[in-house]
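Structure, as structure tokens:
The values are calculated or read from the model by the stated rules, or taken from the named source; none is laboratory data. Everything quoted here is computed from the prediction, not taken from an experiment. A quick note on method: Cβ atoms are made from the backbone with ideal geometry, for glycine too, and the neighbour counts reach across all protein chains shown.
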Amino acid sequence: MSNIYMDNIIDLYKNPLNQGELQYASVSYRAYNPLCGDDITVDFGIQDERILEVRHRGIGCAISQAAISMLSEELKGRSVGEAMKVRKEEVIAMLGIELGPVRLKCALLGLEAAHSAIQAWIMKNK
């Protein structure tokens, strides 16, 4: 495991990107992992099927918080269709470290929340 990647994960844990609540969110979704206690809520501001704003909040380990922080940056500006195509391999690549099964669930909780939020928005708006 590279120290550069671990340093980046710790930095994003301490100084997350896009953290907070989006006051007038188009859609929000909360994902919770009862096994470890990670809890992530994502808010999206969507206009004309494009993600204009992403915010997240919650608690969790450094892996889950860094992953949602990186993912929130990655999703801004994408169409909802493009965002739904983001796969777990992309999130793992963003983190840049090897993950065992337990940490994999932590890393992918934000993606689960994001996909569920977007799916809810699609269902509501189609």
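Given the condition β-branched (Val, Ile, Thr), part of a helix (DSSP H, G or I), surrounded by 13 or more Cβ atoms within 10 Å (Cβ to Cβ) and more than 14 Å from the chain's Cα centre (by Cα), answer yes or no: does some residue in the range 110-118 qualify? The answer is no, given that none of the residues of the range 110-118 is β-branched (Val, Ile, Thr), part of a helix (DSSP H, G or I), surrounded by 13 or more Cβ atoms within 10 Å (Cβ to Cβ) and more than 14 Å from the chain's Cα centre (by Cα). In the range 1-47, the qualifying residues are those that are farther than 14 Å from Trp121 by Cα and β-branched (Val, Ile, Thr), and the one that is surrounded by the fewest Cβ atoms within 10 Å (Cβ to Cβ) is Ile4.
Return the residue satisfying two criteria in turn: it lies in the range 71-91 and is over 14 Å from Phe44 (Cα atoms) and within 12 Å of the chain's Cα centre (by Cα), and of such residues it is surrounded by the most Cβ atoms within 10 Å (Cβ to Cβ). Of everything passing the filter in the range 71-91, Val91 is surrounded by the most Cβ atoms within 10 Å (Cβ to Cβ). Every listed requirement among (1) over 14 Å from the mean Cα position of the chain (by Cα); (2) assigned to a helix (DSSP H, G or I); (3) at pLDDT below 95 is met by Leu104 save one, (1).
Taken over the range 26-56, the residue count meeting the criterion of being under 15 Å from Gln119 (Cβ atoms) and in a loop (DSSP other than H, G, I, E, B) is 2. Reported count of residues in the range 60-100, each being part of a loop (DSSP other than H, G, I, E, B), more than 23 Å from Asp48 (Cα to Cα) and β-branched (Val, Ile, Thr), is 1.
If I filter the range 1-42 down to residues being out of contact with any strand residue (DSSP E or B) (no Cβ under 6 Å at 6 or more places or on another chain), aliphatic (A, V, I, L, M) and at pLDDT 90 or above, which single residue comes out as nearest to Glu98 (Cα to Cα)? Here the residue is Ile9. Within the range 46-70, residues that are at positive phi reach partners that are in a strand (DSSP E or B) with beta carbons closer than 6 Å, at six or more positions or on different chains, in the pairs Glu49/Ser79; Gly58/Asp39; Gly58/Ile40; Gly58/Thr41.
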